[in-house]
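What follows is a short report on a single structure.
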Amino acid sequence: MSGSDVRAQLISDEVAADDNFIVTAARPNTTATLANASFASGGARILTVTTAGTSDNAKTNTIVGTDVFDDALTEVITSTGSAEAVDGTKYFKTITSVTSSAQFAGNMEVGSIASAAQSVGNGSRVRLKGFSIVSGGTAGVIEFIDGTPESGTTLFKARTVGTDNTTLDRTIPQNGVLFASGLTIKYTVGTIDMMTFFFA
């Protein structure tokens, strides 16, 4: 008698957005000193660059690291001249370097916003059989993506209840939902406390 091929993976992420988690206030000539290179949750985040100066329009920060599947990832975030935060569009699991095109007039910071993503099954082809999501204190949408969060296809979505510690359990019939390019879960920090995914 053979055993089950179903595996379980836990995602727990209550790491709040932090605008200077990666680079604290600094004016690097080229490469910045990193305060942190990854997130405690093990997930990936969209990064944000904040400038204090008002004459830094079009200066860039090139961010190098890895994506949800541990593949190489690079993004260039271009600052404005109005001392504001500019968000990127790519999800970084780790950050190797942050390099400025020129020294900023005022301090710059690099951090993360609340949009997060994690892979289930380490990027391999998986069949999702079910999931259990423990809601945070705010309702939110969980996206189930075939591939990376940047270029993959959202196959379906679920919504958290918004009542803290309320659980949403779902079983998927038959062979489950196939994620041929790897399964990525995209969510907003604060809308979930814990998620468990059952896959084969």
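Computed quantities for the displayed model
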| item | result |
| --- | --- |
| Spin-label zone in the stretch 82-126 - amide nitrogen under 12 Å from a point set 7 Å from the Cα of ALA35 along the C-beta vector | 108-112 |
| Nearest-0.05 FRET efficiency for ALA16 and ALA58, computed from C-beta distance (R0 30 Å) | 0.50 |
| Longest segment of the chain lacking GluC sites (Glu not before Pro) that sit in a DSSP loop with at most 14 other Cβ atoms within 10 Å | 85-200 |
| Net +/- balance of residues flanking LEU155 in space, Cβ distance below 15 Å, scoring K and R +1, D and E -1 | +4 |
| Gain upon complete extension [ARG7, ASN175; 0.36 nm per residue less C-alpha separation] | 59.1 nm |
| Positive minus negative residues near SER82 (Lys, Arg vs Asp, Glu; Cβ under 15 Å) | -2 |
| Pairs of Lys in the chain closer than 16 Å at Cα, counting only those 8 or more apart or on different chains | 4 |
| Cα-projected label distance for THR154 with THR80, points at 7 Å along beta-carbon direction, nm | 2.5 nm |
| Sum of side-chain charges, ILE172 neighbourhood, beta-carbon under 13 Å (Lys, Arg +1; Asp, Glu -1) | +2 |
| Virtual spin-label span in nm between LEU168 and SER101, 7 Å along Cα→Cβ | 4.1 nm |
| Shape category assigned to the chain from the gyration tensor of Cα positions, a/c cut at 1.5 | prolate |
| Calculated FRET efficiency for the pair ASN122/ALA26, C-beta based, R₀ 25 Å, to 0.05 | 0.15 |
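Coordinate-derived values only; no laboratory data. Quick caveat: nothing in here was measured; it's all calculated off a predicted structure. With ideal geometry, Cβ positions are generated from the backbone for all residues, glycine too; neighbour counts draw on all protein chains shown.
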